[in-house]
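Below is one structure, written out as structure tokens, with a few remarks after it.
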Amino acid sequence: MNKADQRRYRRQLTEMRERLRSAISRRAESIVADVSPPGEISSQPTHIADRDAEGLHTDITLAETQASLLDDVESALERLEKGEYGRCESCGEEISAARIDALPYARLCIRCAEARESGEKA
Ligand SMILES: [Zn+2]
């Protein structure tokens, strides 16, 4: 991977990190508002506190997904700094350009990702 590619991915990943961070903190505020008894957070709009349990569950699931994505993005940025970016964390092979383009935060090559997925399902 050349320097220009690295800069491009670094920019993409940095933008993703910022977006995820703000999305997560907004969602965390909304979850806190949901689980707090009414009246405890007086500054929150009432429509958030009134949402049903299903909405809260969706929020928590999304927050977990975003948090794990943020973790992947931060780890990819770390690997960029260390010059290890673009290599599979499991087998050390280079991750294909197509995969990196689609998932700049990918930790694993397609082969290891598929192996892990089928392992998890089994
Ligand atoms: Zn691999």
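The values are calculated or read from the model by the stated rules, or taken from the named source; none is laboratory data. Everything numeric in this text was worked out from a predicted model, so none of it was measured. Using ideal geometry, Cβ is built from the backbone for each residue, glycine included, and neighbour counts are taken over all protein chains shown.
All of (1) modelled with pLDDT under 95; (2) among the hydrophobic types (A, V, I, L, M, F, W, C); (3) not in a helix (DSSP H, G or I) hold for ILE48 with one exception: (3).
Here SER118 fulfils each of the conditions (1) farther than 22 Å from THR14 by Cβ; (2) in contact (Cβ under 8 Å) with a residue 12 or more places away in the chain; (3) of a type in the set (S, T, N, Q) apart from (2). Contact map, region 54-81: first residue free of Cβ contacts under 8 Å to residues at least 24 places away in the same chain, second residue part of a helix (DSSP H, G or I), Cβ cut-off under 8 Å, separation 6 or more or different chains; pairs are GLY55/ASP34. The sole residue among GLU54, GLU64 that is modelled with pLDDT under 90, exposed (fewer than 13 other Cβ atoms within 10 Å of the Cβ), acidic (Asp, Glu) and out of contact with any helix residue (DSSP H, G or I) (no Cβ under 6 Å at 6 or more places or on another chain) is GLU54. In summary, ARG107 fulfils each of the numbered conditions (1) part of a helix (DSSP H, G or I); (2) in contact (Cβ under 8 Å) with a residue 24 or more places away in the chain with the single exception of condition (1).
Filtered by the rule that a residue be exposed (fewer than 13 other Cβ atoms within 10 Å of the Cβ) and either on the phi < 0 side of the Ramachandran plot or within 13 Å of the ligand (Cβ to nearest atom) (or both), region 79-90 gives GLU81, LYS82, GLU84. The selection criterion, being within 13 Å of the ligand (Cβ to nearest atom) and either modelled with pLDDT under 95 or not hydrophobic (A, V, I, L, M, F, W, C) (or both), holds for ARG99.
Being more than 20 Å from THR14 (Cα to Cα), at pLDDT 95 or above and not in a helix (DSSP H, G or I): is that true of CYS112 here? So CYS112 does not fit the description; no. The listed residues are ALA113, ALA76, ALA106, and the only one of them that is within 17 Å of the chain's Cα centre (by Cα) and within 8 Å of the ligand (Cβ to nearest atom) turns out to be ALA113.
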